[in-house]
Amino acid sequence: MLKQSLILSAFVLAACSGSDAPTPKAEDTFLTKVQADYPVTLSKIADNVWVHTTHYTLPGQSPIPSNGLVVVDGDDVTLVDGAWGELATISLLEKVRIETGKPVTKLIVTHHHADRTAGVDAAEWQGVQVFTHPDTPALAAKAGFPAPNTSVAALKAPKSRTKVGNLEVAYPGHGHASDNLVVYVPSAGVLYAGCAVRGAGVKTLGNVEDANLSEWSKSLAWVKATYPKTQIVVPGHGKGANLSLVDATLALLADAEPVEPKP
């Protein structure tokens, strides 16, 4: 569906600019329009590490900021979570290419919710290699969200860790979702905790539909013990800080009413 829509857009742009117009010009026009409609902010937080932020608007709500990481290691450019949507992810991929001078080669998807998976088809269509928890594709498909084509078997068990390039990807166990991953950048002391932690100053746990509050606390305690040298923690939404974000989320969990995850 995505491929068809992109091809159709390219043909429409080419037709509007005349039969002799070269395809690259039509493609450039399309990318320029997408970037204008779906702006991306890249904030450098360490050498070769950026936070990417886009916004998504739910009906009747204010735009919701959604974060991810960009990490460059030589010719490898790894995206940790795409943007919330296909066209937003196309805009993000182009923004990263312009900023780094290199295309994105890898994408780590940290759980199955739409704010993490909605752009996976766009990345896969461009040949990006995808890594995620082995349960994520089925969970995404069941929820009606785009499902990644690949996953990492080594991340099945709680407290498991594996390497993706120079990054460490860990599955602490059930938390915000049953498949939520965290990603650590050892060279920079950056922990991308995604939706397993809440942004600085946030006073609620947000969407707990798929959460297990007691296991979430245990999972976060393990994350804090496993990555004690963390200097910067990046949440899936909102402002980052240091390991105090983990402590603040643990405090919210301690005060929360028990919620059983969906079967």
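Once the Cα-Cα distance is subtracted from the 0.36 nm per residue extended length, the I45 to K163 segment shows a gain of 40.3 nm.
Spatial offset of region 87-154 relative to region 183-243 amounts to 20 Å, using the alpha carbon center of each. Here the convex hull built on the C-alpha positions of region 134-207 has a volume of 107 cubic angstrom per residue. Ranked by the mean number of other Cβ atoms within 10 Å per residue, highest first, peptides 232-239, 192-199 order as 192-199, 232-239. For region 150-258, the gyration tensor built on C-alpha atoms gives an oblate shape. Its axis ratio a/c (a ≥ b ≥ c) is at least 1.5, and a/b is not larger than b/c. Each eigenvalue of the Cα gyration tensor of region 74-222, multiplied by 5 and square-rooted, gives one semi-axis; in descending order these are 24, 17, 15 Å.
Between beta-carbons, use under 11 Å as the cut-off and find the net charge around L252, counting Lys and Arg +1, Asp and Glu -1. Spell out each step's value before the answer.
On the way: positive: R198, K203; negative: D247, D255.
Net of charged neighbours comes to 0.
We did not get these values from a lab; they are worked out from the coordinates using the rules stated. The model shown is predicted, which means the values in this text are computed figures rather than measured ones. Cβ atoms come from the backbone with ideal geometry, glycine included; neighbour counts cover every protein chain shown.
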